[in-house]
Amino acid sequence: VGAAVAAADGRVPVVAGAGYGTALAVRYARLAEAAGADGLLAMPPYLVVAGQEGLLRHYREVAAATALPVIVYQRDNAVFTPPTVVELARTEGVIGFKDGLGDLDLMQRIVSAVRTEAPGDFLYFNGLPTAEQTQLAYQAIGIDLYSSAVFCFAPEIALAFHAALRDGDRATAERLLDGFYRPFVELRAQGRGYAVSLVKAGVRLRGLEVGEVRPPLHEPAEDHVKQLAQLIERGYALLEEDA
């Protein structure tokens, strides 16, 4: 976190992760604040599938431990009901909710419940892997914000897609979805953990020596890296067509 803060040098906010059990999550939240982070992404507690009461208590304790704004990340074993998200939205320090589950019916009900029972400037993010692939659907239920892994290795493609969404340019969005994002998602599905390791391989392909992924993740197969390189070239060619 300290290295990210130093590299960002105030140009963009740094959001640090804080996870594991409550005691460790609180410790990491405080360490992130001391290191100069601007916000927290509160990751799921590890291993156990907790009830709603326990989840609410966990995230409230994390939020109370720091002055940093907290975004709660729904994924894996941290899945929330609409009433629980209403209570999170009422919790001081909790400013947003990032969805990595992909249940649009649940998200529609969450957005509706918070809008009705805890109105305010609560933020929602599409946090699915390769979020661009589903962002048109999330946008339709009022979720305009998303995180982009593609931005890490092909920022021009990611920014072009974002601009198309912002400007209502459906033709450009669909051309990038059909020609780049869907094939990338299909390649990502070829290996466990590729949502991370393919992205890191993409960064290396663009010339940054960022090292390998950490165990238990593993590096993509050589043939998959070659396919990724071809796909990146195709994505940039699509931008030239638009120009």
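Data overview
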| item | result |
| --- | --- |
| Residue check, ALA32 open to solvent by less than 20 Å² (accessible area, probe 1.4 Å) and closer than 27 Å to ALA131 by Cα | yes |
| Flag if ILE143 is surrounded by 15 or more Cβ atoms within 10 Å (Cβ to Cβ), under 21 Å from MET43 (Cβ atoms), of a type outside the set (Phe, Trp, Tyr) and in contact with a Pro (Cβ under 6 Å, 6 or more places away or on another chain) | no |
| Near pairs, Cβ below 9 angstrom, 6+ apart or cross-chain, from the range 33-51 (closer than 21 Å to GLY100 by Cβ) to any residue that is surrounded by fewer than 20 Cβ atoms within 10 Å (Cβ to Cβ) and of a type in the set (Phe, Trp, Tyr) | MET43/TYR20; PRO45/TYR20; TYR46/TYR20 |
| Single residue of PHE125, PHE151 found to be in contact (Cβ under 8 Å) with a residue 24 or more places away in the chain and under 25 Å from GLY193 (Cα atoms) | PHE125 |
| Tabulated pairs, the range 1-17, first within 17 Å of LEU41 (Cβ to Cβ), second modelled with pLDDT of 95 or more and open to solvent by 70 Å² or more (accessible area, probe 1.4 Å), C-beta under 6 angstrom, 6+ apart or interchain | PRO13/ASP38; VAL14/ASP38; ALA16/VAL1 |
| Subset tally (residues that are in contact with a strand residue (DSSP E or B) (Cβ under 6 Å, 6 or more places away or on another chain), within 15 Å of ASP105 (Cα to Cα), of a type outside the set (A, V, I, L, M) and assigned to a loop (DSSP other than H, G, I, E, B)) for the range 126-143 | 0 |
| Residue within the range 100-118 that is in contact with a strand residue (DSSP E or B) (Cβ under 7 Å, 6 or more places away or on another chain) and closer than 22 Å to LEU68 by Cβ present | yes |
| Residue satisfying condition, being assigned to a helix (DSSP H, G or I) and modelled with pLDDT of 95 or more, within set GLY179, GLY96, GLY102 | GLY179 |
| Selection count, the range 38-60, where residues are assigned to a helix (DSSP H, G or I), open to solvent by 50 Å² or more (accessible area, probe 1.4 Å) and farther than 30 Å from ARG11 by Cα | 3 |
| Which listed residue is surrounded by fewer than 16 Cβ atoms within 10 Å (Cβ to Cβ), touching a residue at least 40 places away in the same chain (Cβ under 8 Å) and at negative phi, from ARG182, ARG214 | ARG182 |
| Failed item, numbered, when TYR28 is tested on (1) more than 23 Å from ASP121 (Cα to Cα); (2) out of contact with any strand residue (DSSP E or B) (no Cβ under 6 Å at 6 or more places or on another chain); (3) not aliphatic (A, V, I, L, M) | (2) |
| Any pair with Cβ under 6 angstrom, 6 or more apart, that starts in the range 83-103 at a residue that is under 17 Å from ALA118 (Cα atoms) and ends at one that is among the small types (Gly, Ala, Ser) and outside any loop (DSSP other than H, G, I, E, B) | VAL86/ALA113; THR91/ALA63; GLY93/ALA63; VAL94/ALA63 |
| Test: TYR20 is open to solvent by 50 Å² or more (accessible area, probe 1.4 Å) and among the aromatic types (Phe, Trp, Tyr) | yes |
| Of all residues in the range 217-243 being of a type in the set (Gly, Ala, Ser) and under 25 Å from ASP169 (Cβ atoms), the one that is most open to solvent (accessible area, probe 1.4 Å) | ALA243 |
| Among the candidates ALA154, ALA160, ALA137, ALA189, residue that is farther than 23 Å from LYS200 by Cβ and either within 18 Å of the chain's Cα centre (by Cα) or open to solvent by less than 70 Å² (accessible area, probe 1.4 Å) (or both) | ALA137 |
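The values are calculated or read from the model by the stated rules, or taken from the named source; none is laboratory data. The model shown is predicted, which means the values in this text are computed figures rather than measured ones. Methodologically, a virtual Cβ is constructed for each residue, glycine included, from the backbone with ideal geometry; neighbour enumeration extends over all protein chains shown. In case anyone asks, the SASA skips ligands and DNA or RNA and just uses the protein heavy atoms, side chains included. Shrake-Rupley method; radii C 1.70, N 1.55, O 1.52, S 1.80 Å.
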